[in-house]
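Read the structure below first, then the notes.
The values are calculated or read from the model by the stated rules, or taken from the named source; none is laboratory data. All of these numbers come straight from a predicted model, not from anything done at the bench. Cβ coordinates were reconstructed from backbone atoms using ideal geometry, including for glycine residues, and neighbour counts include every protein chain displayed. Only protein heavy atoms, including side chains, enter the accessible area calculation; ligands, DNA and RNA are left aside. Shrake-Rupley method; radii C 1.70, N 1.55, O 1.52, S 1.80 Å.
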Amino acid sequence: MKLITKEILKKLPPIYTNEHKDFSDVKVVTKFFLPATSAYWYVTEYDPIEKMFFGFVNLGDDMMAELGYFSLEELLEIRHPRSPILKVERDKYWNSETSLADVMSFKVR
């Protein structure tokens, strides 16, 4: 499965678009996850030239979850430590109207 489709690219705003917005007004356009783990990447912005995302990342520890940048290349290289055939996937059923405030308050997984 492709992590980024043309449809998703059309919805993703450029990096810094949401910089001064309230988190409840920022939409999480797509979500990535590593199967059989608690690792999630919630994407709010994208730079197609640098292939860099911005969003909320939780790698399984709610206390260490944070906003930040991550690259498409980085996501494509990640494999499950116990089962290397498992790799990062896109949540096909993600509701792109979900707000950043909702994922940061752990109301949505």
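Sub-6 Å Cβ pairs linking a first residue in segment 21-34 that is in contact (Cβ under 8 Å) with a residue 60 or more places away in the chain and closer than 30 Å to H80 by Cα to a second residue that is among the aromatic types (F, W, Y) and assigned to a strand (DSSP E or B), at least 6 apart or interchain, are V28/Y42; K31/Y42, ordered by first then second residue.
Among residues of segment 70-91 that are without any contact (Cβ under 8 Å) to a residue 40 or more places away in the chain and closer than 16 Å to T37 by Cβ, those with a Cβ under 6 angstrom from a residue that is open to solvent by less than 90 Å² (accessible area, probe 1.4 Å) and not in a loop (DSSP other than H, G, I, E, B), sequence gap 6+ or separate chain, pair up as F70/F53.
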